[in-house]
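Here the structure is laid out as C-alpha cells; the discussion comes afterwards.
The values are calculated or read from the model by the stated rules, or taken from the named source; none is laboratory data. Treat the numbers as computed from the prediction; the structure is a model and nothing was measured. Cβ sites come from the backbone with ideal geometry, for glycine too, and all protein chains shown count toward neighbours. Ligands, DNA and RNA are stripped out before the accessible areas are found, and what is left, the full protein with its side chains, is counted by its heavy atoms. Shrake-Rupley method; radii C 1.70, N 1.55, O 1.52, S 1.80 Å.
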Amino acid sequence: MTAKIAPSILAADLLHLGEQIAAAEQGDADRFQVDVMDGVFVPNISFGLPVVAAVRRATKLLVEAHLMIVEPERYVEGFAQAGADVIIVHQEAAVHLDRIVQHIKQLGKKAGVALNPATPANVLDQIVEQVDLVLVMTVNPGFGGQTFIPHTLRKIRQVQQLLAARNPACEIEIDGGVEVDTIGAAYEAGARVFVAGTSVFKHPAGAAAGVRALLGAVAASGNRAE
Ligand code: DX5
C-alpha cells in the first residue's frame, strides 16, 4: 500500500491556512491533522474546535483531530460536530478508553488511539479490535520540529504485527520528526500514514514540494506500493 501523508497544520502559516492546505493538496496529501494541545497533557497550547471547523471548510480530504489533552471524553462530541473524520485520543489520557472509542464510533467517526514513545504497544491488547487507527508518536508530543526517536521503530514493528494478526484494516500512523531521511525506515517498519508538519509546511519550495519529497523518499527507499 502506498504511503499516505497527513500534513500537520501546527507548522502551517496560520495567516494563510487555506492556501497552505490547498498547496499540500496539490502535492497529493491524503488528509490533514489538527494538533489539539491543552497545555496540561502536553507543555504547549495550540488550537481547538474553531480551527478544526475552519480546516473542515478548507478541504474535502479527511480531517484528523489529534487530541493531546486530558479527559478527551469531554470534547469528543464537539470535535465530531466541528467536522473531524478521525478523532485520536491518547491512551495515557483516557481512563475509560473503551468507552471513549465506542462513543467516537457511535458518532459515526473513526477512532484512533495514540501512544507516547515510552508507552508499550501491549497497552493496545484489549482495544486493538475496536480501533480504526493507531498513532505511534515518534517524538514526545507538544512541539513540531523535533527529532525522530529511533527506538520507536521497534514499536512500529510491534504494532504492525499486532494489527496484522488481529485487525488488519486498522491504519498505522506515525507523528513527529517525519522527514525525507526518516520516512523510509518508518515505512519499512510498517507505518503507512505519516503526520508531517515541518517537512511539509517549512519546505523551502512550498508545501506541495514537501509532500512530494516525502512520497519520493518512500519510493526511493525501495518501498514500492504493495
Ligand atoms: C506533537 C505534534 C507534532 C507535529 C508534527 O508534537 O503532533 O509531532 O504534528 O511535527 P513535525 O512534523 O514538525 O515533527
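Here are a few things to note about the model shown:
- Residue list for region 33-77, filter: surrounded by fewer than 24 Cβ atoms within 10 Å (Cβ to Cβ) and in contact with a Pro (Cβ under 9 Å, 6 or more places away or on another chain): M37, F41, V42, N44
- Test for A6: is it in a helix (DSSP H, G or I) and open to solvent by less than 30 Å² (accessible area, probe 1.4 Å): no
- Hits in region 172-226 (condition: more than 10 Å from the ligand (Cβ to nearest atom) and aromatic (F, W, Y)): Y187
- Residue match in region 81-102 (condition: of a type outside the set (A, V, I, L, M), surrounded by fewer than 23 Cβ atoms within 10 Å (Cβ to Cβ), more than 19 Å from D175 (Cα to Cα) and in contact with an Asp or Glu (Cβ under 9 Å, 6 or more places away or on another chain)): yes
- Filtered residue count, region 156-195, keeping only those that are part of a helix (DSSP H, G or I), crowded, with 18+ Cβ neighbours inside 10 Å and touching a Ser or Thr at 6+ places or on another chain (Cβ under 9 Å): 6
- Residue under evaluation T147, criteria (1) within 15 Å of the ligand (Cβ to nearest atom); (2) out of contact with any Gly (no Cβ under 9 Å at 6 or more places or on another chain), criterion not met: (2)
- Just one of the listed residues (T138, T152, T198) is modelled with pLDDT of 95 or more, touching a helix residue (DSSP H, G or I) at 6+ places or on another chain (Cβ under 7 Å), open to solvent by less than 20 Å² (accessible area, probe 1.4 Å) and of a type in the set (S, T, Y), namely T138.
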